[in-house]
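The values are calculated or read from the model by the stated rules, or taken from the named source; none is laboratory data. What you see is a predicted model; the values in this text were computed from it and never measured. Cβ placement follows ideal geometry from the backbone for every residue including glycine, while neighbour counts extend to all protein chains displayed.
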Amino acid sequence: MSKYLLGKKIGMTSVINENGILTPVTVLEIKPIFVTQVKKSDGKDGYNAIQVGTKEAKKLNKSETGHLKSTGKLLKIIKEFRVKEEDIGDKKPGDIVDLSSFEKGEKVKVSGSIKAKGFSGAVKRWGFHGGPGGHGHPQERRVGSIGAGYPQHVFKGKKMPGRKGPERKTILNLEIIDIDNSNNLLLLKGSVPGPRGRLLEIRG
């Protein structure tokens, strides 16, 4: 069964279980999400997916307002999750998806954009070893050769200095350590992509 949520990264902390083992965890605040559209492979969309929205907006343009009319809410953030046909069930626009579908000890995957680092050199961006650190050596953190004399151009994909981040990353098999339904918090073992405040996609 496909499960999905949207959560905001609050930060990291640690918990101690009944055996005295300390585990680093990431705390996610789970936003209430509303189904905005159901897509089916036998319809005009050609594939199965559930589109959800969160974070109420004060004002949207006419096309966005018309799209969300069936939910009865103005939602600022729209995301889509691919699902199997049997997992769509009787879901319809306006339905609420919450933490109740997830259980403690379950493994999930989390997707989001990593931190943007700006323009970075090859050592930081790609993990290059760098040159010798001797006194007066001119190429301690430089790239070095970027190709031979022939064919007289640099091949595509060559690892060089450039902008690092914020590409999308997915972390697999993160264990749910605890679920706080009263405060809408989800505690996952280990770290997740992005800085504090980043919106993340959680799939079961």
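General observations
For (1) of a type in the set (V, I, T); (2) over 30 Å from R198 (Cα atoms); (3) touching a residue at least 12 places away in the same chain (Cβ under 8 Å), each residue gets a yes or a no:
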site	(1), (2), (3)
G133	no, yes, no
Q139	no, yes, no
G144	no, yes, yes
G147	no, yes, no
K159	no, no, yes
K164	no, no, yes
E167	no, no, yes
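- Options S182, S145, S111, S100: the member that is small (G, A, S) and either surrounded by 12 or more Cβ atoms within 10 Å (Cβ to Cβ) or touching a His at 6+ places or on another chain (Cβ under 8 Å) (or both): S111
- The stretch 66-93: number of residues that are on the phi > 0 side of the Ramachandran plot and modelled with pLDDT of 85 or more: 0
- Applying the criterion of being of a type in the set (A, V, I, L, M) and assigned to a strand (DSSP E or B) to the residues of the stretch 146-175, the residue that is farthest from S111 (Cα to Cα) is L174.
- Among the strands (runs of 3 or more DSSP E) confined to the stretch 1-107, the ones with at least 3 residues that are under 19 Å from the mean Cα position of the chain (by Cα) and closer than 27 Å to S191 by Cβ are located at 4-16, 22-30, 49-56, 75-82.
- Failed criterion for G131 (all others in (1) assigned to a loop (DSSP other than H, G, I, E, B); (2) loosely packed, with under 13 Cβ neighbours inside 10 Å hold): (2)
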